[in-house]
Amino acid sequence: MSVVSTTTVSVPATTANLGPGFDCIGAALKLYNEFKFTRQEGGLTIDVTGTEAQRVQTDESNLLYQAFVKFYQHIEQTPPSVKIEIKLGVPLARGLGSSATAIVGGLVAANQLEGATLSQSQVMELAIAMEGHPDNVVPALLGGCRLAATSGAGWEICDVPWYKDVVPVVAIPNFELSTSKARGVLPTEVSRADAIFNTAHLGLLLRGLETGNGQWLKTALQDRLHQPYRKALIPGYDALNIAAVSAGAYGMVISGAGPTLLALADKLHSKEVEAAMLAAWQEEGITAEVRSLSLDTQGAKSF
């Protein structure tokens, strides 16, 4: 491919961890940020539209632009002056992978401007290095539900089949929780029993997602590595969990680092689960948006 003057990249939101899959599993959702890059003379321009647009940095500290620059550092070239137009559709700092969309968007856009100099695998490696872990950036780039494991020389990425009737229901509150704060409450060591517990439940989660077996999913969504420590940072967590399960959800987990909460349900109960989770947070005095989503299977798209 030849060098181009403009490109637009759409990147899906993601939900990571899915209970026991801490830092290794994530799924892309049909909720998007869109980034348009255009070569120009005279430096950097960033325009942002959408909810929370005023909170996005419009200088060189912008994460999207930092990823763009990272690409050029990797290929040992000077980044061109660009105008960046951002259309926000993914809530910021809510556990839905907004930072992953920026990292993936910046890298993919730079790669497209330079005629696809790097392979998708090379872009993925850069994205993981920037994010620090693969659970959000991999599905944001590739789509679907993905499990990532180190292979020594790099990463092995496994596509996780997702049964068509398993519906992700996200409850997005009007407050934020930084990833650094959510990581700060985690212990530095865990017991052997907890490690075994999570290994078994992650295996069951993979089979539950593939088959849609409700009983397996109810058991599989339990976790001992991060959620017991993080849930105290999310007001109303226990009330929402009870409400979601009572309405027919298989279970509820923290999406990424939170504070968004994710319930998995079948199509028959997803709307009831939505209503129950919204009502539970309203009882806590918290405004939230609750919606059923579906999996994005394409990942980052450029056009």
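A few points about this structure:
- Coil-residue trypsin sites (Lys or Arg not before Pro) of the range 231-287, DSSP, other Cβ within 10 Å capped at 12: Lys267
- Cβ-based charge dipole, the chain, positive-most Cα from Leu147, Thr117, Asn241: Asn241
- Distance from the C-alpha centroid of the range 246-303 to that of the range 84-109: 20 Å, rounded to the whole angstrom.
- For the chain, relative contact order (Cα pairs under 8 Å, six or more residues apart, normalised by length) works out to 25 percent.
- Computed from phi, the 3J(HN,Hα) profile of the range 50-60 under the Karplus parametrisation 6.51, -1.76, 1.60 (θ = phi - 60°) reads x, 4, 6, 4, 5, 8, 8, 5, 10, 10, 5 Hz, with x in place of Gly and Pro.
- The calculated P(r) of the range 10-52, using every Cα pair and 5 Å bins from 0, goes 5, 15, 18, 15, 14, 13, 10, 6, 3, 1 in percent.
- Only the Cβ atoms of Lys and Arg (+1) and of Asp and Glu (-1) were treated as charged; on that basis the dipole of the range 152-303 about its Cα centre amounts to roughly 160 debye.
- Built amide H within the under 5 Å cut-off of Leu18, gap 5+: Gly256
- Distant-in-sequence amide contacts of Leu31, defined by a placed amide H-H separation under 5 Å and a gap of 5 or more residues or a different chain, comprise Ala13.
- Degrees, to the nearest 10: 120-131 long Cα axis against longest axis of the chain: 70 degrees
- In the list (1) 31, 22, 19; (2) 35, 26, 16; (3) 33, 21, 17, the label attached to semi-axes √(5λ) of the Cα gyration tensor in Å as derived from the coordinates here is (3).
- The solvent-accessible area of Thr199, taken with every protein chain present and a 1.4 Å probe, is close to 100 Å².
- In whole percents, the pair-distance distribution calculated for the range 1-130 from its alpha-carbon pairs, binned every 10 Å from zero, is 13, 46, 32, 9, 1.
- Largest mean-square fluctuation among Ser178, Ser270, Ser119, in a Gaussian network model of the chain whose springs join Cα atoms under 10 Å apart, belongs to Ser119.
- Top positive-direction residue, dipole computed over the range 160-289 with Cβ charges, set Ala171, Gln215, Ala195: Ala195
- Note that the range 139-277 carries a Kirkwood radius of 16.1 Å, evaluated over its alpha carbons pair by pair.
- Principal-axis tilt of helix 270-283 within the chain, Cα atoms, nearest 10 degrees: 90 degrees
- GNM flexibility winner over the chain from Ser98, Ser61, Ser255 (Cα, springs under 10 Å): Ser61
- Proximity of backbone amide H atoms, modeled 1.01 Å from N, is registered between Glu289 and Ile172 at under 5 Å, excluding neighbours fewer than 5 places apart on the same chain.
- Solvent-accessible heavy-atom area per residue, rounded to whole Å², over the chain at 1.4 Å: 43 Å²
- Percent accessible area from carbon and sulfur atoms, the chain, protein chains only, probe 1.4 Å: 50 percent
- Backbone HN-Hα couplings from phi across the range 257-263 [Karplus 6.51/-1.76/1.60, Hz, Gly and Pro as x]: 8, x, x, 4, 10, 10, 10
- Projecting label points 7 angstrom from Cα along Cα→Cβ for Val3 and Glu210 puts them 4.7 nm apart.
- Estimated 222 nm signal from helices in the chain, with DSSP H stretches of n ≥ 4 weighted -39500 (n - 2.57), rounded to 500: -10500 deg cm²/dmol
- Here the relative contact order of the range 169-303, from alpha carbon pairs under 8 Å that lie six or more residues apart, stands at 34 percent.
- From phi via Karplus (6.51, -1.76, 1.60), per-residue ³J(HN,Hα) for the range 200-212 in Hz, x at Gly/Pro: 5, 6, 5, x, 5, 4, 4, 6, x, 5, 5, 9, x
- Gaussian network model of the chain, Cα within-10 Å springs - most flexible of Gly212, Gly97, Gly106: Gly212
The values are calculated or read from the model by the stated rules, or taken from the named source; none is laboratory data. Keep in mind that this is a model prediction, so the values were computed, not measured. Counting neighbours? That spans all protein chains shown, and the Cβs are built from the backbone with ideal geometry, glycine included. Heavy atoms of the whole protein, side chains included, go into the accessibility calculation; ligands, DNA and RNA do not. Shrake-Rupley method; radii C 1.70, N 1.55, O 1.52, S 1.80 Å.
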